Amino acid sequence: MKIVIASSYVPFVDGGGRFIVEWLERKLVEHGHQVECFFLPFIDQPDILLDQILAFRLMDLSSCCDRLIALRPPAHVLRHPNKVLWFIHHIRSLYDLWNTADGIGELVRDDPRGRALRQAVIELDTRALREAARLFTNSKVVGERVKRFNGISSTVLYPPLFAPERFHNRGYGDEIVIICRLEHHKRQSLLVEAMRYVTTDVKLRLCGTSMNTEQIEGIGKMIVENQLESKVIFEPRWISEEEKVERLAPALAVAYLPRDEDSYGYCSLEAAHASKGVLTTSDSGGVLELVTDEVNGLVLAPEPHALAEAMDRLYLDREEAARLGAANKQRLSELGVDWDSTIKALTG
């Protein structure tokens, strides 16, 4: 089958949104399909939002391929008679984050103009989603939003990692590791604050970069001001896939506590393949579809003392850390997170 994978991307930003397209392409080729990837830049700035969506909508790919697989919005508005959507998320600032502190805020005001923009995007999305021959989402959280806001049912299809066999376990050392972009909603600062209250020699390894230099500077300043240099290893840069494997292998556990995440997050999945338990929080959204408290991780209140107690607990009980890690790897089989199932769903 000739397949075009279409998605959007933010220029000069790497991350899961690009990886999932690149990995899907390679796996489809391995399964015998002819594949082309189709990316267009997209930035959710209100003044140009509808113009950018229109640019996608004007492109008709009907004669280019047998099937279109579209992922990150607004690629879902592309036209094709055999369109399959793996819908990653809405433009959340106009959906569940509308009129909240985590939304666009002053850029889209809750006034007649702002409400008109929001309504137009929701109507466009609903029309485009209904055009799909199959509609998948990357989590129950996203599926529930599609049902709530667009009135459409979908099927959950959890994204796998490429070459997960790279990840391995070299025991349970003294580091709680987090490797992801440094962003406000990822809440790395909450982990740093928690390190003020640990009573053991547990350490935090914090890895990742950000488009916002203030995020990097803020974390660095927080570490210094609280005299945590001996407890927090801070690597504010892009971490390669090889480096990621090496940092996870000896980890005590992985921490990932975003606020209301769309999915379980690749770092949670990487933890599972490395047989590491996950520390997360009760408000972390899709992460809770993978992590169950006391089974394959610890689900905590989003406050520093609770996190500190959990890190100390695992440091003092390596057998517990190992039990959670083994269960986390087993959880992948329970959820059916693998490429054969993914390719079968998207091409069936």
Since D312 meets every condition but one in (1) in a helix (DSSP H, G or I); (2) among the charged types (D, E, K, R); (3) free of Cβ contacts under 8 Å to residues at least 40 places away in the same chain, which condition does it not meet? (3)
Residues of the range 254-284 being touching a Leu at 6+ places or on another chain (Cβ under 9 Å), surrounded by fewer than 23 Cβ atoms within 10 Å (Cβ to Cβ) and of a type outside the set (S, T, N, Q), which ones? D260, Y266, H273, D283
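One line per residue, one yes/no per condition, for (1) part of a loop (DSSP other than H, G, I, E, B); (2) surrounded by fewer than 22 Cβ atoms within 10 Å (Cβ to Cβ); (3) in contact with a Phe, Trp or Tyr (Cβ under 7 Å, 6 or more places away or on another chain):
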| site | (1), (2), (3) |
| --- | --- |
| L135 | no, no, yes |
| V142 | no, no, yes |
| K147 | no, yes, no |
| R170 | yes, yes, no |
| V177 | no, no, no |
| L190 | no, yes, no |
| R196 | yes, yes, no |
| T199 | yes, yes, no |
| L206 | no, no, yes |
As an exercise: evaluate E243 against (1) surrounded by fewer than 14 Cβ atoms within 10 Å (Cβ to Cβ); (2) charged (D, E, K, R); (3) within 20 Å of the chain's Cα centre (by Cα) and give the number of the one condition it does not meet. (1)
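Within the range 226-242, is there a residue that is part of a strand (DSSP E or B), under 23 Å from W23 (Cβ atoms) and not hydroxyl-bearing (S, T, Y)? Let's see the steps before the verdict.
Taking the range 226-242 first, the residues part of a strand (DSSP E or B) are 232-235.
Subsequent filtering for residues that are under 23 Å from W23 (Cβ atoms) retains none.
No: zero hits.
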Out of V108, V121, V35, V13, which single residue is over 24 Å from S154 (Cβ atoms), crowded, with 17+ Cβ neighbours inside 10 Å and in the same structural domain as N150 (by TED's automatic domain parsing)? V108
Those residues that are closer than 30 Å to D317 by Cβ and of a type outside the set (S, T, Y), I need them from the range 123-173; list them, please. L161, P164, E165, R166, F167, H168, N169, R170, G171, G173
Out of (1) loosely packed, with under 14 Cβ neighbours inside 10 Å; (2) in a loop (DSSP other than H, G, I, E, B), the one H90 does not meet is (1)
Name the residues in the range 38-58 that are part of a loop (DSSP other than H, G, I, E, B) and surrounded by 13 or more Cβ atoms within 10 Å (Cβ to Cβ), would you? F42, D44
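I'm trying to understand the selection: among the residues of the range 326-348, which are surrounded by fewer than 20 Cβ atoms within 10 Å (Cβ to Cβ) and hydroxyl-bearing (S, T, Y)?
Initially, the range 326-348 is screened for residues surrounded by fewer than 20 Cβ atoms within 10 Å (Cβ to Cβ), giving 326-327, 329-330, 332-336, 338, 340-341, 343-345, 347-348.
Residues satisfying the conditions are S333, S341, T347.
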Identify the residue in the range 292-309 that is of a type in the set (A, V, I, L, M, F, W, C) and not in a helix (DSSP H, G or I) and, among all such residues, is surrounded by the fewest Cβ atoms within 10 Å (Cβ to Cβ). A301
Among the numbered conditions (1) on the phi < 0 side of the Ramachandran plot; (2) in contact (Cβ under 8 Å) with a residue 40 or more places away in the chain, tell me where F234 comes up short. (2)
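Quick check, is K221 surrounded by 14 or more Cβ atoms within 10 Å (Cβ to Cβ) and of a type in the set (D, E, K, R)?
On the way: surrounded by 14 or more Cβ atoms within 10 Å (Cβ to Cβ): no; of a type in the set (D, E, K, R): yes.
No: the conditions fail for K221.
The values are calculated or read from the model by the stated rules, or taken from the named source; none is laboratory data. All values reported here derive from a predicted model rather than from experimental measurement. Glycine gets a Cβ as well: all are built from the backbone with ideal geometry, and neighbour counts include every protein chain shown.
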